[in-house]
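**Q** Before I ask anything, let me first share the structure, which is written out below as structure tokens.
The values are calculated or read from the model by the stated rules, or taken from the named source; none is laboratory data. Just so we're clear, the structure is a prediction, and the values are computed from it rather than from any experiment. All Cβ positions, even for glycine, are placed from backbone atoms using ideal geometry, and neighbour counts span all protein chains on display.
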Amino acid sequence: MSKRLTLSRREFLKMVGIAASAATLGACTPQTSTKATPTSTAVPSELAEEITPITPEMILVEAGSFPMGSIDGLPGEQPVHTVHITRPFYIAKYTVTFNEYDKFYHDNLGTGIRKPDDEGLGRGNRPVEVTWCDAVAYCNWLSEKEELTPCYSGRGKVTRCDFSANGYRLPSEAEWEYAARGGTKTRGYTYAGSDNPDDVAWYADNSGGQIHPVGQKQPNELGLYDMSGNIWEWCWDWYAEDYYASSPANDPEGPALGPDTSLRVKRGGRADLDADSIRATYRSAEGISFPAGGNGFRLVRTK
């Protein structure tokens, strides 16, 4: 009997998983032509060397409520409103690194996945810089490698997220802020773990303008590192500056896709920004296929 007829479920998932991840990424890439374009041929999965992903260290965030936003912040951070996180979730201690992401890239050679640039600063445990689309593709790939149910489906602007699936995904904006501020263990700090940004963040005053390896500053109350400064972190939500005025109280997932919607939320700030721009409540956004520089991501799983 041929090997093809005796593939294990894991081998089969590997075969179909690459295509699924590539399709997710391709759906986010701006389309300029309906003609098929030639691509290099991927090595058949049964002949390729098995790639073992790095499973992230995850911390449980218990359900709870918090006042989202800041009375002293920018208009997009207002009004302050109570949000109830009813679904416990796991969140990664660190943002995804080059070490982790490079395994995804090598497992998808020939599928159009782009190799992220380290800008000559080295790879290793530095946060990887990717587009929102790259981050979504990585989430589905890692879910498939670990035989979990992927969260993402659909194409283009109608990419959907199944928050009940047990696979990896991006946090909602509310989940991100809740975790950054310490969840049920919060002490009400301005930044993720302190009122002094130098304790917990790489930012303009101490970074030398460069992104640093993860985990070198103090963690926040939950044990999460670098949620202020160092690199922006993609969230699931579409962005609307006035969303807080109409946000639902329970588990908000961002505004519905509208004719003027084109940006996804990103949070946390970056190594070259001032202290005001790395506050735990500060909001920003970017297009889903915007060049990757300065944008990373942190993994979440619904409990």
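**Q** Hey, does region 184-197 have a residue that's in contact with a strand residue (DSSP E or B) (Cβ under 9 Å, 6 or more places away or on another chain), within 23 Å of Gly294 (Cα to Cα) and outside any helix (DSSP H, G or I)?
**A** no
**Q** Looking at (1) crowded, with 21+ Cβ neighbours inside 10 Å; (2) within 16 Å of the chain's Cα centre (by Cα), which is the only condition Thr302 fails?
**A** Only one criterion is unmet by Thr302, namely (1).
**Q** Run down Tyr101, Tyr105, Tyr94, Tyr90 and say which single residue is assigned to a strand (DSSP E or B) and within 22 Å of Thr55 (Cβ to Cβ).
**A** Working: Tyr101 fails: assigned to a strand (DSSP E or B); Tyr105 fails: assigned to a strand (DSSP E or B); Tyr94 fails: assigned to a strand (DSSP E or B).
Being assigned to a strand (DSSP E or B) and within 22 Å of Thr55 (Cβ to Cβ) holds for just one of Tyr101, Tyr105, Tyr94, Tyr90, which is Tyr90.
**Q** Does region 201-208 contain any residue that is surrounded by fewer than 24 Cβ atoms within 10 Å (Cβ to Cβ) and either among the basic types (Lys, Arg) or farther than 27 Å from Gly122 by Cα (or both)?
**A** No, region 201-208 has no match at all.
**Q** Working only within region 265-285, note down all residues that are over 15 Å from Ser70 (Cα atoms) and touching a strand residue (DSSP E or B) at 6+ places or on another chain (Cβ under 6 Å).
**A** The answer is Val265, Lys266, Arg270, Ala285.
**Q** Within region 213-235, how many residues turn out to be more than 21 Å from Thr184 (Cα to Cα), surrounded by fewer than 21 Cβ atoms within 10 Å (Cβ to Cβ) and of a type outside the set (S, T, N, Q)?
**A** 2
**Q** I would also like to ask the following. Given the conditions (1) surrounded by 15 or more Cβ atoms within 10 Å (Cβ to Cβ); (2) polar (S, T, N, Q); (3) within 16 Å of Arg181 (Cα to Cα), report the number of the one that Asn196 does not fulfil.
**A** Asn196 satisfies every listed condition except (1).
**Q** State yes or no: is Tyr244 over 17 Å from Val300 (Cβ atoms), hydroxyl-bearing (Ser, Thr, Tyr), assigned to a helix (DSSP H, G or I) and touching a strand residue (DSSP E or B) at 6+ places or on another chain (Cβ under 9 Å)?
**A** Numbers: over 17 Å from Val300 (Cβ atoms): yes; hydroxyl-bearing (Ser, Thr, Tyr): yes; assigned to a helix (DSSP H, G or I): yes; touching a strand residue (DSSP E or B) at 6+ places or on another chain (Cβ under 9 Å): yes.
Answer is yes for this residue.
**Q** Further question: What pairs come out if I take residues in region 146-162 that are under 16 Å from Val300 (Cα atoms) and modelled with pLDDT of 85 or more and pair them with residues that are part of a helix (DSSP H, G or I) and of a type in the set (S, T, N, Q) whose C-beta lies under 8 Å away, six or more apart or interchain?
**A** Thr149/Ser143; Pro150/Asn140; Pro150/Ser143; Cys151/Asn140; Cys151/Ser143; Tyr152/Thr24; Tyr152/Asn140
**Q** Hey, another quick one. What number of residues within region 54-73 are surrounded by fewer than 16 Cβ atoms within 10 Å (Cβ to Cβ), touching a helix residue (DSSP H, G or I) at 6+ places or on another chain (Cβ under 8 Å) and farther than 15 Å from Arg181 by Cα?
**A** Total meeting the criteria: 1.
**Q** Among the residues of region 229-241, which ones are under 23 Å from Thr86 (Cβ atoms), touching a Phe, Trp or Tyr at 6+ places or on another chain (Cβ under 8 Å) and either assigned to a loop (DSSP other than H, G, I, E, B) or at pLDDT below 95 (or both)?
**A** If the condition is that a residue be under 23 Å from Thr86 (Cβ atoms), touching a Phe, Trp or Tyr at 6+ places or on another chain (Cβ under 8 Å) and either assigned to a loop (DSSP other than H, G, I, E, B) or at pLDDT below 95 (or both), then no residue fits.
**Q** Given the structure, is Ala292 crowded, with 21+ Cβ neighbours inside 10 Å and either small (Gly, Ala, Ser) or free of Cβ contacts under 8 Å to residues at least 12 places away in the same chain (or both)?
**A** Working: crowded, with 21+ Cβ neighbours inside 10 Å: no; either small (Gly, Ala, Ser) or free of Cβ contacts under 8 Å to residues at least 12 places away in the same chain (or both): yes.
No: the conditions fail for Ala292.
**Q** I would also like to ask the following. Return yes or no: is Cys139 under 27 Å from Trp202 (Cβ atoms) and in contact with a Leu (Cβ under 9 Å, 6 or more places away or on another chain)? Full working, then the answer.
**A** Values: under 27 Å from Trp202 (Cβ atoms): yes; in contact with a Leu (Cβ under 9 Å, 6 or more places away or on another chain): yes.
Here the answer is yes, as Cys139 does meet what is asked.
**Q** Among the listed residues Val83, Val130, Val136, identify the single one that is buried (at least 19 other Cβ atoms within 10 Å of the Cβ) and part of a helix (DSSP H, G or I).
**A** Numbers: Val83 fails: part of a helix (DSSP H, G or I); Val130 fails: part of a helix (DSSP H, G or I).
Only one candidate passes the filter, namely Val136.
**Q** Additional query: Does at least one position in region 115-127 carry a residue that is under 18 Å from Pro171 (Cβ atoms), buried (at least 22 other Cβ atoms within 10 Å of the Cβ) and either modelled with pLDDT of 95 or more or hydroxyl-bearing (Ser, Thr, Tyr) (or both)?
**A** Yes: region 115-127 contains one or more residues that are under 18 Å from Pro171 (Cβ atoms), buried (at least 22 other Cβ atoms within 10 Å of the Cβ) and either modelled with pLDDT of 95 or more or hydroxyl-bearing (Ser, Thr, Tyr) (or both).
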